[in-house]
Amino acid sequence: MKLTLKIWRQKNATDKGAIKTYTLDNVSEHMSFLEMMDVLNEQLITEGKEEPIAFDHDCREGICGMCSMHINGEPHGPDRGVTTCQLHMRKFNDGDTIYIEPFRAKGFPVVKDLVVDRSAFDRIQHAGGFISVPTSGNTQDANATPVPKADADKAFDAATCIGCGACVASCKNASAMLFVSAKVSQFSLLPQGKVEAKRRVLNMVEQMDKEGFGNCTNTGACSVECPKGISLENIARMNREYLKATISGE
Amino acid sequence: MSVLDAKIPEGPIKDKWTNHKNKINLVNPANKRLIDVIVVGTGLAGGSAAASLAEMGYNVKAFCFQDSPRRAHSIAAQGGINAAKNYQNDGDSVYRLFYDTVKGGDYRSREANVYRLAEVSTNIIDQCVAQGVPFAREYGGLLDNRSFGGVLVSRTFYAKGQTGQQLLLGAYSAMNRQIGKGKIKMYSRHEMLDLVKVDGKARGIIARNTVTGELEKHSAHAVVIASGGYGNVFFLSTNAMGSNVTAAWKIHKKGAYFANPCYTQIHPTCIPRSGDYQSKLTLMSESLRNDGRIWVPKHLKDVEAIKNGTKKPTELSEDERDYYLERRYPAFGNLVPRDVASRAAKERCDAGFGVNETGEAVYLDFASAIERYGKEKATILGEVDASTERIKALGEKVVENKYGNLFQMYEKITDENPYKTPMQIYPAVHYTMGGVWVDYNLMTTIPGCYAAGEANFSDHGANRLGASALMQGLADGYFVLPYTIGDYLAGDIRTGPIPTDTPEFDDALNDVKARLEKFINNNGTKSVDSFHKRLGKVMWNKVGMARNEKGLKEAIDEIKEIREEFHRDVYVPGDMYNLNPELEKASRVSDFIELGELFANDALERMESCGGHFREESAEEDGPQKGEAKRDDVNYAHVSAWEWTGDPSAPVMHKEKLTFNDIELKQRSYK
Ligand SMILES: Cc1cc2nc3c(=O)[nH]c(=O)nc-3n(C[C@H](O)[C@H](O)[C@H](O)COP(=O)(O)OP(=O)(O)OC[C@H]3O[C@@H](n4cnc5c(N)ncnc54)[C@H](O)[C@@H]3O)c2cc1C
Ligand code: SF4
Ligand code: FES
């Protein structure tokens, strides 16, 4: 296929940035989206006129959460349930024009080209994304507390969030509620995490607000774009936990 | 050549670790506050080490090149983690896990280390559950297990196909707790580019902030390298794109010996390659071999028919299929260890039975599992007359519950539905058993410099069993290093902070700067990737699944040529003081090229076959084991630990003799 690519170029965090147009021939439908970007970069390097396009990626199998492109107006592009690295060119047609931009949100400043800074997500977790047990291994036997399979499965589902930030990028308010609620739920659904549940939700929400993420107005766009299908139930659960924690105080 | 001392404690194997812990020096809590430790890497090994050391009271500085510690490559591990819990009551024990691991490693690992690994394995599971790791459970609420290749018990704990992710999030959460308390200072988007030695001891590192490009000096009383494996020396592997050898290689060049570089695991079940643009290969977890059956057509005419599209694999009758693993290895069947399964696939494909266009693919088929599970489910539901369709649907649901995310991953990449048609798979580079040489305390040959996780060499011998890398990473980080490092640091309680305004730090920084500037100013014509791909091709064709003297010698010459041309003609666009992924890659590929040569030299020197290292000259010639790998215990029951001499083509070898007191050396048989 032949493609026209309109790609966001920005030299560094302070540069204003602009869209530039590139054309690429001979794109195979079996390529992944990032392999298509590799081919474009190889072309730019061979021409030697401008720097290749910087983008974040690592695992290239949808699990590390590093890749983060806004493709034709959607985080991770048109396919559902996948990250940018899992998107394949067979989802596009010969002659298409594709717009490629970084994730946009106040909490995610652009570093360069398509690379953004998502360290706000880490800071939210420093505030409470853990269970306070020592790492000595001298805990009780793993089977001492049975956990109902349904709870374990739900905690697992919440814990599959890869921290990519597509939920924030898809939200008109740039809210981080889906991400934070997945983290809160993962712990609060398990007996081991219940003990600190109140403190956790209060601290994490406070940090989330400090980072400049917007409010949740229940549009649900986040869950639609989430590559891991993190459910809106988590937001409801976090709201309940938060309410409980603020009413009872600590 | 010298003989290396691994510092294995005295006494019976089952008491060694306990005795050692009782005897080693401790640092009191007040003094720990005066001691800094650098941890390079935040995967399972580095993340768990950083969290534990910080919790004990040391000041930890942790480094990773990704934008968050949670994205370390451990996140991608799928299948599971072993532990000798014997929850299934199937006869498992610490001894059996130890035995399986040593046998699986083809008797080329260090007994004492492996025993300790098996011993602490049970703590890992307790620890992770306490941290909130959501392992798979049964309906009664207890933990579930599955079995993995090369063993006869079910000892693998898992979280669907995302075990690595869940374990890493556990270690990351333990880190978060310490970062929140200020005990760990985290440096994400930082790449370690050299080790700094003062008076012969590891005292710091030079790291590049990859966003600003600034070079930074960081000092500490000890340095832990937990930077993962070097499978990307093959360019194509199941590793993440950024996985690299740089941290390990830099300490090697400063005096740390590199052990058994040629021991590589080629994993049997990966999605076959498709085109030249391919950037990485994707693993389909070994857990799939619990339920999937591997086969190729029995007759070449069917292979042709499948290739030209006139026949579908599902149309072949049972009689027309060759379930070659079940045929050759009736005792273990589809669950033979990885090296054995990979070679068997290669053997069939080399004989012309590969089922895709490139001739490099075999089938992994779930049809019988789907039918079996469907029937079980129908019985449970009381549906005595369930139709074939209904049974299939029920069975597919069960399979989806077990492997859903893997099946989805497969479908996204290949555009084929593995519930309806068998998966196509082929071996790919996956893991490196070789790595930095360490003694029993995980210390390298540089005092104060440690190596943990996939970056070291110690526990897996010449072949790693499934689900044991996660175990080793967490054992090293949570339960071994925190003890053994104290023994060394006890000597440092009066040292005080290590200054960085010294000639040692300045020289190291200037060296790094000169190296990077040379890349930027090189004015070459070819991209970094073009060299990396060339190196990968040589490695795969001549230093891959089967190796021989002629090929290895050619490889060594070709790699030398690539190295010379790389330094002459590589083109690195952009500048140094800005985010510059091409510069990062250039520095890594330059190290891969040097490693590649050592790797081939090591493979050439080891004239036996063992585990993942198969020398064509050393195979069983007749008898029931005909064609299987043939070890040479008389001449090769040792670790080859290589010393850097300044010339990549002239490394010097040292040996650590391997003695087996608790396990009898045998021909590994899975028949
Ligand atoms: C697809 C896949 C599936 C797997 N599945 C399983 C499984 O089911 N069970 C199992 O037991 N094993 C499995 N393995 C193997 C296992 O995942 C790895 O061996 C293990 O996770 C390695 O952990 P680690 O902590 O040693 O290194 P990694 O997780 O690779 O971490 C390396 C860390 O070092 C950092 N780093 C590297 N170089 C530098 C540098 N120069 N400067 C700063 N930081 C640096 C990185 O940023 C990263 O944080 C799998 C491997 C793959 C590839
Ligand atoms: S909730 Fe979904 S979209 Fe948001 S960070 Fe997690 S995986 Fe990404
Ligand atoms: S590169 Fe890891 S999720 Fe896309």
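The values are calculated or read from the model by the stated rules, or taken from the named source; none is laboratory data. The model shown is predicted, which means the values in this text are computed figures rather than measured ones. Note that each Cβ is placed from the backbone with ideal geometry, even for glycine, and that neighbours are counted across all protein chains shown. Quick note on the areas: whole protein, heavy atoms, side chains included, nothing else; ligands and nucleic acids left out. Shrake-Rupley method; radii C 1.70, N 1.55, O 1.52, S 1.80 Å.
Please give the number of the condition A:Tyr99 fails out of (1) farther than 16 Å from B:Arg71 by Cβ; (2) away from ligand 3 (no atom under 15 Å from the Cβ); (3) open to solvent by less than 30 Å² (accessible area, probe 1.4 Å).
Of (1) farther than 16 Å from B:Arg71 by Cβ; (2) away from ligand 3 (no atom under 15 Å from the Cβ); (3) open to solvent by less than 30 Å² (accessible area, probe 1.4 Å), only one is false for A:Tyr99: (3).
Kindly establish whether B:Arg515 is more than 14 Å from chain A (Cβ to nearest Cβ), charged (D, E, K, R) and within 16 Å of ligand 1 (Cβ to nearest atom).
So B:Arg515 fits the description; yes.
What's the total number of residues in segment A:128-141 that are under 31 Å from the mean Cα position of the chain (by Cα), open to solvent by less than 30 Å² (accessible area, probe 1.4 Å), small (Gly, Ala, Ser) and at the interface with chain B (Cβ under 7 Å from one of its Cβ atoms)?
Residues that pass the stated criteria total 1.
Only residues that are in contact with a Gly (Cβ under 6 Å, 6 or more places away or on another chain), in a helix (DSSP H, G or I) and open to solvent by less than 20 Å² (accessible area, probe 1.4 Å): list them for segment B:404-434, please.
The one that is in contact with a Gly (Cβ under 6 Å, 6 or more places away or on another chain), in a helix (DSSP H, G or I) and open to solvent by less than 20 Å² (accessible area, probe 1.4 Å): B:Leu406.
For the condition open to solvent by 30 Å² or more (accessible area, probe 1.4 Å) and either part of a helix (DSSP H, G or I) or not β-branched (Val, Ile, Thr) (or both), what is the one hit in B:Lys311, B:Lys280?
Numbers: B:Lys280 fails: open to solvent by 30 Å² or more (accessible area, probe 1.4 Å).
Answer to the check: B:Lys311.
Would you please name the residue that is nearest to B:Ala475 (Cα to Cα), looking only at residues in segment B:145-190 that are within 11 Å of chain A (Cβ to nearest Cβ) and among the basic types (Lys, Arg)?
So the residue we want is B:Arg177.
If we scan segment B:78-89, do we find a residue that is outside any helix (DSSP H, G or I), within 16 Å of ligand 3 (Cβ to nearest atom) and in contact (Cβ under 8 Å) with a residue 24 or more places away in the chain?
Yes.
Any residue that is touching a Gly at 6+ places or on another chain (Cβ under 6 Å), among the acidic types (Asp, Glu) and buried (at least 24 other Cβ atoms within 10 Å of the Cβ) - is there at least one of those in segment B:284-296?
yes
Can you give me the number of residues within segment B:80-97 that are crowded, with 24+ Cβ neighbours inside 10 Å and away from every other protein chain (no Cβ under 13 Å)?
Filtering segment B:80-97 for residues crowded, with 24+ Cβ neighbours inside 10 Å gives B:80-83, B:97.
Applying the additional criterion that residues be away from every other protein chain (no Cβ under 13 Å) yields B:80, B:82, B:97.
So the answer is 3.
Yes or no, residue by residue, for (1) within 14 Å of chain B (Cβ to nearest Cβ); (2) at negative phi; (3) of a type in the set (Val, Ile, Thr); (4) more than 16 Å from ligand 3 (Cβ to nearest atom):
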| residue | (1), (2), (3), (4) |
| --- | --- |
| A:Val180 | yes, yes, yes, yes |
| A:Gln192 | yes, yes, no, yes |
| A:Val195 | yes, yes, yes, yes |
| A:Glu206 | yes, yes, no, yes |
| A:Gly220 | no, no, no, yes |
| A:Ser223 | no, yes, no, yes |
| A:Ala236 | no, yes, no, yes |
| A:Glu241 | no, yes, no, yes |
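Between a residue in segment B:189-217 that is within 16 Å of ligand 3 (Cβ to nearest atom) and any residue that is β-branched (Val, Ile, Thr) and not in a strand (DSSP E or B), which pairs come within a Cβ distance under 6 Å, given they are 6 or more apart or on different chains?
Once the first residue is within 16 Å of ligand 3 (Cβ to nearest atom) and sits in segment B:189-217, its partners that are β-branched (Val, Ile, Thr) and not in a strand (DSSP E or B) give B:Arg189/B:Thr210; B:Arg189/B:Val211.
Could you list, in sequence order, the residues of segment A:39-50 that are touching a helix residue (DSSP H, G or I) at 6+ places or on another chain (Cβ under 7 Å) and not in a helix (DSSP H, G or I)?
Hit for segment A:39-50 is A:Glu50, nothing else.
For segment A:146-163, name all the residues that are open to solvent by less than 10 Å² (accessible area, probe 1.4 Å) and more than 8 Å from every other protein chain (Cβ to nearest Cβ).
Within segment A:146-163, A:Ala158 is the sole residue that qualifies.
Collect the residues in segment B:336-375 that are over 23 Å from B:Leu406 (Cα atoms) and of a type in the set (Asp, Glu), keeping them in residue-number order.
Within segment B:336-375, B:Glu347, B:Asp350, B:Glu357 qualify.
Looking only at segment B:288-321, which residues are over 30 Å from B:Lys397 (Cβ atoms) and not β-branched (Val, Ile, Thr)?
Passing the criteria: B:Lys298, B:His299, B:Leu300, B:Lys301, B:Asp302, B:Glu304, B:Ala305, B:Lys307, B:Asn308, B:Gly309.
Mind checking whether some residue in segment B:106-118 is more than 13 Å from every other protein chain (Cβ to nearest Cβ), without any contact (Cβ under 8 Å) to a residue 60 or more places away in the chain and in a helix (DSSP H, G or I)?
Within segment B:106-118 (the criterion being more than 13 Å from every other protein chain (Cβ to nearest Cβ), without any contact (Cβ under 8 Å) to a residue 60 or more places away in the chain and in a helix (DSSP H, G or I)), the answer is yes, since at least one residue qualifies.
Listed here are the residues, each with its yes/no results for (1) assigned to a helix (DSSP H, G or I); (2) β-branched (Val, Ile, Thr).
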residue: B:Tyr450; (1), (2): no, no
residue: B:Ala467; (1), (2): no, no
residue: B:Ile498; (1), (2): no, yes
residue: B:Asp501; (1), (2): no, no
residue: B:Glu504; (1), (2): yes, no
residue: B:Gly536; (1), (2): yes, no
residue: B:Trp540; (1), (2): yes, no
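Quick one: which helices (runs of 4 or more DSSP H) lie wholly within segment A:142-250 and hold at least 3 residues that are in contact (Cβ under 8 Å) with a residue 60 or more places away in the chain? Working first, answer last.
Numbers: elements: A:149-159, A:166-170, A:177-188, A:191-194, A:197-210, A:221-225, A:233-248.
Here the list reads A:166-170, A:197-210.
Starting from residues that are surrounded by fewer than 21 Cβ atoms within 10 Å (Cβ to Cβ) and farther than 18 Å from B:Lys280 by Cβ, keep the ones in segment B:520-544 and report whichever is farthest from the other protein chains (Cβ to nearest Cβ).
Here the answer is B:Asn541.
What residue, of A:Lys11, A:Lys49, is within 11 Å of chain B (Cβ to nearest Cβ), more than 19 Å from A:Val116 (Cα to Cα) and either within 25 Å of the chain's Cα centre (by Cα) or more than 16 Å from ligand 1 (Cβ to nearest atom) (or both)? Working first, answer last.
Numbers: A:Lys11 fails: more than 19 Å from A:Val116 (Cα to Cα).
So the residue among A:Lys11, A:Lys49 that is within 11 Å of chain B (Cβ to nearest Cβ), more than 19 Å from A:Val116 (Cα to Cα) and either within 25 Å of the chain's Cα centre (by Cα) or more than 16 Å from ligand 1 (Cβ to nearest atom) (or both) is A:Lys49.
Anything in segment B:201-238 that is of a type in the set (Gly, Ala, Ser) and open to solvent by 20 Å² or more (accessible area, probe 1.4 Å)? List them, or say none. Even if it seems obvious, please write down each step before you answer.
Initially, segment B:201-238 is screened for residues of a type in the set (Gly, Ala, Ser), giving B:202, B:204, B:207, B:213, B:219-220, B:222, B:226-229, B:231, B:237.
Hits for segment B:201-238 are B:Ser227, B:Gly228.
Just for segment B:53-68: of the residues that are in contact with a strand residue (DSSP E or B) (Cβ under 6 Å, 6 or more places away or on another chain), more than 24 Å from B:Ala118 (Cβ to Cβ) and not hydroxyl-bearing (Ser, Thr, Tyr), which one is nearest to ligand 3 (Cβ to nearest atom)? Break it down into steps so the answer makes sense when it comes.
As a first pass, look at segment B:53-68 and keep what is in contact with a strand residue (DSSP E or B) (Cβ under 6 Å, 6 or more places away or on another chain): B:53-54, B:58-63, B:65.
From the residues that got through so far, the ones that are more than 24 Å from B:Ala118 (Cβ to Cβ) too are B:54, B:58-63, B:65.
This time we only want the ones that are not hydroxyl-bearing (Ser, Thr, Tyr), so: B:54, B:59-63, B:65.
Working: B:Ala54: 27, B:Asn59: 31, B:Val60: 26, B:Lys61: 26, B:Ala62: 21, B:Phe63: 20, B:Phe65: 14 Å.
Step by step, filter segment B:53-68, then rank; the result is B:Phe65.
For the list (1) over 13 Å from B:Lys412 (Cβ atoms); (2) at the interface with chain B (Cβ under 7 Å from one of its Cβ atoms); (3) away from ligand 2 (no atom under 16 Å from the Cβ), I need the number of the one condition that A:Arg90 fails.
Going through (1) over 13 Å from B:Lys412 (Cβ atoms); (2) at the interface with chain B (Cβ under 7 Å from one of its Cβ atoms); (3) away from ligand 2 (no atom under 16 Å from the Cβ) one by one, A:Arg90 breaks only (1).
Which condition number does B:His73 fail, the rest of (1) surrounded by fewer than 19 Cβ atoms within 10 Å (Cβ to Cβ); (2) modelled with pLDDT of 95 or more being met?
Evaluating B:His73 over (1) surrounded by fewer than 19 Cβ atoms within 10 Å (Cβ to Cβ); (2) modelled with pLDDT of 95 or more leaves (1) as the failure.
Kindly establish whether A:Asp122 is within 9 Å of chain B (Cβ to nearest Cβ), away from ligand 3 (no atom under 16 Å from the Cβ) and touching a Pro at 6+ places or on another chain (Cβ under 7 Å).
Working: within 9 Å of chain B (Cβ to nearest Cβ): yes; away from ligand 3 (no atom under 16 Å from the Cβ): yes; touching a Pro at 6+ places or on another chain (Cβ under 7 Å): no.
It is false that A:Asp122 is within 9 Å of chain B (Cβ to nearest Cβ), away from ligand 3 (no atom under 16 Å from the Cβ) and touching a Pro at 6+ places or on another chain (Cβ under 7 Å).
Got a number for residues in segment B:125-144 being more than 7 Å from chain A (Cβ to nearest Cβ) and touching a residue at least 40 places away in the same chain (Cβ under 8 Å)? Spell out the reasoning first.
Going through segment B:125-144, the residues more than 7 Å from chain A (Cβ to nearest Cβ) turn out to be B:128, B:133, B:135-136, B:144.
Next cut, touching a residue at least 40 places away in the same chain (Cβ under 8 Å) only: B:128.
The total comes to 1.
Please go through segment A:59-80 and give me each residue that is more than 6 Å from ligand 3 (Cβ to nearest atom), more than 7 Å from every other protein chain (Cβ to nearest Cβ) and in a loop (DSSP other than H, G, I, E, B), ordered by number. Break it down stepwise before answering.
Looking only at segment A:59-80, we keep the residues that are more than 6 Å from ligand 3 (Cβ to nearest atom), and these are A:61, A:68-80.
This time we only want the ones that are more than 7 Å from every other protein chain (Cβ to nearest Cβ), so: A:68-80.
Matches in segment A:59-80: A:Ser68, A:Asn72, A:Gly73, A:His76, A:Gly77, A:Pro78, A:Asp79, A:Arg80.
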